[in-house]
Amino acid sequence: MLDTETKRRIDTARDILVGKVPDPKSQVEQITIALIYKFMDDMDKEAVSFGGKATFFTGEYEQYSWTNIFDTKVGGHEMLTLYGEAIVKLNLNPNIPQLFRDIFKNAYLPYRDPETLKLFLKTINEFHYDHSEKLGDAFEYLLSVLGSQGDAGQFRTPRHIIDFIVEILQPKKTETILDPACGTAGFLISAYKHIVQANTKTNKGDQLTPDDRNKMMQNFVGYDISPDMVRLSLVNMYLHGFTSPSIYEYDTLTSEDRWTEYYDVILANPPFMSPKGGIKPHKKFSVQATKSEVLFTDYIAEHINPSTGRAAIIVPEGVVATAQTAYKQLRQLLVRESLVAVISLPQGCFNPYSAVKTSILILDKRLSSKATEILFVKIQNDGFDLGSQRSPIDKNDLPSVQKLIERYKFSLQNSSEFNIEESESFAFLISKKEILNKSDSTLNGDKYLVAHAFTSEFPLVNINEYCDFKRGTSVTKKDVTAGDIPVIAGGQQPAYYHNIANRPPNTITVSSSGAYSGFVAFHSQPIFASDCFTITPKDSNVLNVAFLFHILKSRQQEIYSFQAGGGQPHVYPKDFSSFMIPLPSIEIQNEIVKKIEAIKEEIENLKIQIKGKEEEIVEAVNGVWLKEVKEYSNGNDTLSIAAEE
């Protein structure tokens, strides 16, 4: 547990740097470099105190020892020169381990102010080298200040989400564990802590033998393309007891050097963003794509061991629902070979770093081979509000979801019956066959949930068999001649007006793009359909257009769930490929429409009555007010005149 004094020191160090080094990532790097620098000097002093010799700061590098830098005879500018030279040259020091040389690779001092450096190093001097959990937690706190690295699509995964994922996968002490986009090694550290806790009887990790620990040190592997992230991962792992961490600067998507390596457990929150022009991967991927989220998910699915392999991946909404070919192929591959569960996280879960909607894919090749269904889970609350500060709240679905998934995995493992309890309304099962038969093989659970919730006493038919879908005509404001024909585009109201119509009266429109894509509207007058498409019954003697509109409008939320795309959501006619509607006889349809219109008319009449009553209340209140003003004036001519008026 992070103690307040250590936290205060880290905050102080950041406060000192912020004026000269405003970027949070650069602050973390400068503190990391200084801490390791100080710790090497501490270790040299410890060796000398036990009768040994200094190891790190000897020969030509002795001048750069922390002790020499803090010599009272060293002035501010001399300290600046010594420290600046040291962090540039230490990666060449043959006396220090490769791990430390890697940490100092490309290091430099980004400012030249002696006073700032002196204050900063004085704060770092208060830290003392220690392999204890306390220092590891302190470094994790330091890493928590990292914000979004937008260009690379990287952002910090909240600690409670990391721990939740690790608890679901339950890594074991004998298993190999990989994070192919490790960032600061948060997943690897959490997996390590889980294993230690699982092997604790009295004292932490007391059931792990020395041989167990040695093997574990080799079993944890991380890749990252960024040398800065590699440096932070190395320090994080080192401070948690990994003397030689297996963290590699490696491009997971374009390099083939480690393609033949497979792992028992893979955990990752890969970068979501792709560089302009996409990524150019090698040809070994099952899905040919240029998007990083597709390639990372494919990579992970391909590199879990076939017999014992399992994985958890945080993915953006695109992987779950985008209709493009590569995304669809990826989803079909996952459903057929490894996917067992999809966990939808609440939008805002990654605030303040990103507002992107995300889900967790749980892969397990062995269990998937036994399953005919996919478990869908929707988390509403994760223990924190969804504002920018992510303040704790008392609502938390994560423990219940974890227990549910444990039960589901147990049932698959033992071929036993699995039932979703009444209290677990956040979960449901969908057959793999239904997913694969859907035109886009979407993994958006909402689309299945709403569709399955819809029932009718009348026969259900596919809307495409009885209706024609027709796209609108593109038009811009400059092309429109002022008229009285509404132009229906992406919003709920007419965008502007035309002098011609391209659709007759009594037309149903569905907006195609924008925030209101999927909005269903009925137009009793002629319209010009633009950024929308229309749905028209093929035979009005079989399907009443007003009845069809009421059916569609009653399922507005389901149609909104068809939205796909990031910055510009859209809904297409093809999204209705498996949309079922009830089809009673035309006589019953007409009667239903008649009843609905009568109810709507009654509602309008009630609104008029309510408005009249509201006006009566206003008049009564005004009357009382006038009376009180007249009484209060009590002969005052000015007030009396005002009251009369």
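Considering only region 279-297, I want to know if a residue exists there that is touching a residue at least 60 places away in the same chain (Cβ under 8 Å), under 26 Å from H194 (Cα atoms) and over 21 Å from the mean Cα position of the chain (by Cα). No.
Residue by residue, here is whether (1) at positive phi; (2) surrounded by 17 or more Cβ atoms within 10 Å (Cβ to Cβ); (3) in contact with a Pro (Cβ under 9 Å, 6 or more places away or on another chain) holds:
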position: H194; (1), (2), (3): no, yes, yes
position: L208; (1), (2), (3): no, yes, no
position: K280; (1), (2), (3): no, no, no
position: T290; (1), (2), (3): no, no, yes
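Only residues that are modelled with pLDDT under 85, open to solvent by 20 Å² or more (accessible area, probe 1.4 Å) and either in a loop (DSSP other than H, G, I, E, B) or under 18 Å from K38 (Cβ atoms) (or both) were counted in region 103-134, giving 6. Annotation note: Cβ proximity below 6 Å between a residue of region 190-211 that is without any contact (Cβ under 8 Å) to a residue 60 or more places away in the chain and a residue that is assigned to a loop (DSSP other than H, G, I, E, B) and small (G, A, S) (sequence gap 6+ or interchain) occurs for V196/G205; N199/G205. Criterion applied to I374, I343, I360 was being at pLDDT 95 or above, over 19 Å from I162 (Cα atoms) and either touching a strand residue (DSSP E or B) at 6+ places or on another chain (Cβ under 7 Å) or open to solvent by 30 Å² or more (accessible area, probe 1.4 Å) (or both), and the one residue passing it is I374. The residues in region 162-180 that are under 18 Å from C349 (Cα atoms), in contact with a Phe, Trp or Tyr (Cβ under 9 Å, 6 or more places away or on another chain) and either modelled with pLDDT of 95 or more or not in a helix (DSSP H, G or I) (or both) can be counted, and the count is 2.
Residues that are in contact with a strand residue (DSSP E or B) (Cβ under 8 Å, 6 or more places away or on another chain), farther than 15 Å from N214 by Cβ and either open to solvent by less than 10 Å² (accessible area, probe 1.4 Å) or of a type in the set (F, W, Y) (or both) within region 238-257 comprise Y248, Y250, T252, listed in sequence order. Please work out which residue is least open to solvent (accessible area, probe 1.4 Å), limiting yourself to region 470-505 and to residues that are of a type in the set (V, I, T), more than 40 Å from the chain's Cα centre (by Cα) and farther than 18 Å from A521 by Cα. Taking the candidates together, the pick is V480. Hey, any hits in region 41-55 for a residue that's in contact with a helix residue (DSSP H, G or I) (Cβ under 7 Å, 6 or more places away or on another chain), at pLDDT below 90 and assigned to a helix (DSSP H, G or I)? Yes - at least one qualifying residue is present in region 41-55. Would you confirm whether or not region 45-56 contains a residue that is touching a residue at least 60 places away in the same chain (Cβ under 8 Å) and either of a type in the set (S, T, Y) or within 17 Å of H128 (Cβ to Cβ) (or both)? Yes: region 45-56 contains one or more residues that are touching a residue at least 60 places away in the same chain (Cβ under 8 Å) and either of a type in the set (S, T, Y) or within 17 Å of H128 (Cβ to Cβ) (or both). The one condition from (1) on the phi < 0 side of the Ramachandran plot; (2) under 34 Å from the mean Cα position of the chain (by Cα) that G518 does not meet is (1). You will find that of D385, D397, the residue that is of a type outside the set (F, W, Y) and out of contact with any Phe, Trp or Tyr (no Cβ under 8 Å at 6 or more places or on another chain) is D385 and no other. You will find that of I508, I551, the residue that is part of a helix (DSSP H, G or I) and either surrounded by 12 or more Cβ atoms within 10 Å (Cβ to Cβ) or in contact (Cβ under 8 Å) with a residue 12 or more places away in the chain (or both) is I551 and no other. Residues in region 258-270 include none that are open to solvent by 50 Å² or more (accessible area, probe 1.4 Å) and within 17 Å of the chain's Cα centre (by Cα).
Checking region 568-585 against the condition returns no match, with no residue being touching a residue at least 60 places away in the same chain (Cβ under 8 Å), of a type in the set (K, R) and touching a helix residue (DSSP H, G or I) at 6+ places or on another chain (Cβ under 7 Å). For region 306-317, the count of residues that are closer than 28 Å to F220 by Cβ, surrounded by fewer than 24 Cβ atoms within 10 Å (Cβ to Cβ), touching a Pro at 6+ places or on another chain (Cβ under 7 Å) and not small (G, A, S) is zero. Pairs meeting the criteria (first residue in region 238-266 and closer than 23 Å to A312 by Cβ, second residue modelled with pLDDT under 95 and open to solvent by 50 Å² or more (accessible area, probe 1.4 Å), beta carbons under 6 Å, at least 6 apart or on different chains) are D251/I225; W259/K284; D264/T308.
Y408 falls short on exactly one of the conditions (1) of a type in the set (F, W, Y); (2) more than 30 Å from N541 (Cα to Cα); (3) open to solvent by 50 Å² or more (accessible area, probe 1.4 Å), and that condition is (3).
The values are calculated or read from the model by the stated rules, or taken from the named source; none is laboratory data. Everything numeric here is computed off the predicted structure, so don't read it as measured data. Backbone-built Cβ (ideal geometry, glycine too); neighbour counts: all protein chains shown. Accessible surface areas use protein heavy atoms only, side chains included; no ligands, DNA or RNA. Shrake-Rupley method; radii C 1.70, N 1.55, O 1.52, S 1.80 Å.
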